[in-house]
Amino acid sequence: MSVWRQESAHPGWPMPLGKLRVPAGVVSVRPIRLRDGMAWSRARLADQSHLQPWEPSSEVDWMARHGVSSWPALCSGLRAEARKGRMIPCAIELNGNFVGQLTIGNIAHGALRSAWIGYWVVSTVTRQGVATAALALGLDHCFGPVTLHRVEATVRPENGASRAVLSKVGFREEGLLRRYLDVDGAWRDHLLVAMTVEEVRGSVAATLVRSGNASWV
């Protein structure tokens, strides 16, 4: 009975988001786990030069923030937010191996029914359809089990790879946010992109499959 109450109060958590096949292999998205710590730390430390230019600035050193000892507190905090219905933090896997994260945040229900979505993947799997498939699964989760109406994301104008991923799953640009976020040591402009459930034909994953960018598992 307690499990039913948790899921009814916080739709979409904890629940796997699904799977899709891309040329690189099978992409799956599932709730984060405490035992993800080693893989998470290894990926973040190895890919500092790939990730840091696009992430919010911090006064804490990258190595200190992403050591394996930092994961338990981070994981616990994210899962606590999920239990309150405000966030859905997930791991992205390729062929069963941890390759990144997808996060649905600032979840609001009632008359708004919206959230933002963000992601990162390791550099070794970029431009292979992994991020696109994970994002499609995340959006279908938002518009399905989480019962949202609108999902938005932000991206720096010069981040061409991420803009291409967002475009492939159907996001449309809504405007430019001037000096929106402190990223990599300076206040950076960001593009605001969004979609609503009315713009989805069946599902976002199905659109990827129809376009030949993915297939069902």
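FYI, it's all coordinate maths here, none of it is from the lab. Given the structure is predicted, the values throughout are model-derived calculations rather than measurements. For neighbour counting, all protein chains shown are included, and Cβ atoms are generated from backbone atoms with ideal geometry for every residue, glycine included.
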How many residues are surrounded by 20 or more Cβ atoms within 10 Å (Cβ to Cβ) and either among the β-branched types (Val, Ile, Thr) or part of a helix (DSSP H, G or I) (or both) if we restrict to region 144-167?
6
Go through region 174-217 and give me each residue that's in a helix (DSSP H, G or I) and of a type in the set (Lys, Arg).
Arg210
Only residues that are over 13 Å from Gly105 (Cα atoms), of a type in the set (Phe, Trp, Tyr) and touching a Gly at 6+ places or on another chain (Cβ under 7 Å): list them for region 118-154, please.
Trp120
Candidates Ala115, Ala73, Ala111, Ala43, filtered to the one that is surrounded by 14 or more Cβ atoms within 10 Å (Cβ to Cβ) and not in a strand (DSSP E or B):
Ala43
Of all residues in region 80-97 being out of contact with any Phe, Trp or Tyr (no Cβ under 6 Å at 6 or more places or on another chain) and surrounded by 19 or more Cβ atoms within 10 Å (Cβ to Cβ), the one that is farthest from Pro23 (Cα to Cα)
Met87
Looking only at region 168-189, and only at residues there that are more than 17 Å from the chain's Cα centre (by Cα) and surrounded by 17 or more Cβ atoms within 10 Å (Cβ to Cβ), the one that is farthest from Glu59 (Cα to Cα):
Arg188
If we keep only residues of region 94-111 that are in contact (Cβ under 8 Å) with a residue 12 or more places away in the chain and out of contact with any helix residue (DSSP H, G or I) (no Cβ under 9 Å at 6 or more places or on another chain), then the residue nearest to Asp36 (Cα to Cα) is Gly96
If I filter region 53-62 down to residues being out of contact with any Asp or Glu (no Cβ under 6 Å at 6 or more places or on another chain) and surrounded by 11 or more Cβ atoms within 10 Å (Cβ to Cβ), which single residue comes out as farthest from Val155 (Cα to Cα)?
Trp62
Cβ pairs under 6 Å, 6+ apart or interchain, first in region 46-65 and assigned to a loop (DSSP other than H, G, I, E, B), second aliphatic (A, V, I, L, M), ordered by first then second residue, are Asp47/Val122
